[in-house]
């Protein structure tokens, strides 16, 4: 069985729900409705006490609160005019305690019932705007000052018994205090939930951003709208392209082909992460990696050749398992380049320069299952790996170039 509190919250949420509102706006609106409802039981009880004591005028004033509040909520439900609802309800919360104080003969004779007007500025702080909360606080001060000035001219006698007067005095302190505490506690709790969801979404967005961009670059983008572009004197770039993918695709369904590429590239992602190099992009069955960006490293070429060897060996092992003829051409070149973020939507970290173009040529002029490196890369890795010269290759756009195969 749902608790009374849960029913109250669900009712307020149903009254105030508007798809165009943010969570923060909806929270303020539902808090305002709950605040209005919470005062109603006290207003009914106070009215009964005053009627029993024979103070009929004093009994009528709080008794008006509940029907007027119900009418205000119904009008809000129909018109969706929150500002009108808020203004009327805060006015009601402010003026009825003042009128009741006047009817009972002043501060002391009314058991300080004017304290109930404190619900107005407290509520305004929680569910109104900053400007309006200031207005309602000043209005509350005005009510208290007015009551102070007029108190001496009032008839301080009434028919409320002493025991009831003392009891009501305690109620006039505990009631507004409890409602104010509840409002703040409820608002803070809901705010914590909202901020918790906000943190969750922020963390998810940051994770997504860091999956799209290097962590260092993502941090720079979050710090400000600067253009991210850096020049690097020495980097190494690897291009890997699947051989015979057209034939392979003809023997597989689209789902199988995508699943196979996802499996291969996911393993490649793991390899690049282990070696601390940067995956630049995938396009179809082409995979591009760079080393030495965005973090400069002296062993950029050595690290990237290790990556290429692991990629080649993985494909060889995977091919022996499934017998699908999986192989790739892998090409590496080293040299200066520029790296940065391009685009406003679907942006990514990219790399440009002659070194990149040459790396692409190393791949396209290579052979299946082989790692071809340029002379620039060879000079950087020859002491670390077994390489055999391929000789001179006529590279498109570059002319004759000396290249090497990396054996292991």
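From the helices alone, meaning DSSP H stretches of at least four residues, give me the mean residue ellipticity at 222 nm for the chain, per-run term -39500 (n - 2.57), in deg cm²/dmol to the nearest 500.
Taking each H run of at least 4 residues, the total per residue is -20500 deg cm²/dmol.
Put a dot 7 Å past each Cα toward the Cβ at residue 199 and residue 182; how far apart are the dots in nm?
Spacing of the two 7 Å Cα→Cβ label points: 2.8 nm.
Starting from the Cα of residue 319, step 7 Å along the direction of its Cβ; do the same at residue 7; then give the gap between the two resulting points in nm.
With each label placed 7 Å out from Cα toward Cβ, I get 7.3 nm.
Please work out the Cα center distance from segment 1-70 to segment 287-301, rounded to the nearest Å.
Here the two parts' Cα centres lie 65 Å apart.
Please give the length that would be gained between residue 231 and residue 131 if that part of the chain were fully extended, namely 0.36 nm times their separation in residues minus their C-alpha to C-alpha distance (nm, one decimal).
30.9 nm
What angle, in degrees between 0 and 90 and rounded to the nearest 10, separates the Cα long axis of helix 162-212 from the longest principal axis of the Cα atoms of the chain?
With both axes taken from Cα atoms, the answer is about 10 degrees.
Over segment 1-123, what relative contact order in percent results from Cα pairs under 8 Å that are six or more residues apart? Working shown, then result.
On the way: 108 pairs, mean separation 22.7, N = 123.
It rounds to 18 percent for segment 1-123.
How much length is gained if the chain between residue 392 and residue 266 is pulled fully straight, taking 0.36 nm per residue apart and subtracting their Cα-Cα distance, in nm to one decimal? Show your work: numbers first, answer last.
On the way: separation 126, 0.36 × 126 = 45.36 nm, distance 3.45 nm.
So the extension gain works out to 41.9 nm.
Using a Gaussian network model of the chain with C-alpha springs under 10 Å, which one of 30, 250, 327 is most mobile by mean-square fluctuation?
250
Is any residue of segment 44-63 close enough, with backbone N under 18 Å, to a label point placed 7 angstrom from the Cα of residue 159 along the Cα-Cβ axis, and if so, which?
The answer is 46-63, whose backbone nitrogens lie closer than 18 Å to the label point.
Report the relative contact order of the chain, percent, no decimals, based on alpha-carbon pairs under 8 angstrom and at least 6 residues apart. It would help to have the intermediate numbers written out before the result.
Details: 579 pairs, mean separation 46.0, N = 408.
Relative contact order for the chain comes out at 11 percent.
If I model a spin label as a point 7 Å beyond the Cα along the Cα-Cβ vector, how far apart are those points for residue 274 and residue 348 in nm?
Placing both labels 7 Å along Cα→Cβ, they lie 2.4 nm apart.
Could you state the number of Å between the C-alpha centres of segment 133-186 and segment 362-408?
Computed from Cα coordinates, the inter-centre distance equals 89 Å.
For the chain, set up a Gaussian network in which alpha carbons nearer than 10 Å are linked by springs, and say which option among 20, 35, 281 fluctuates the most.
Maximum fluctuation in the GNM of the chain, among the listed residues, is at 20.
Computed from the coordinates by the stated procedures, all read-outs in this text should not be read as laboratory data. Just so we're clear, the structure is a prediction, and the values are computed from it rather than from any experiment. Note that we place each Cβ from the backbone using ideal geometry, even for glycine, and neighbour counts take in every protein chain shown.
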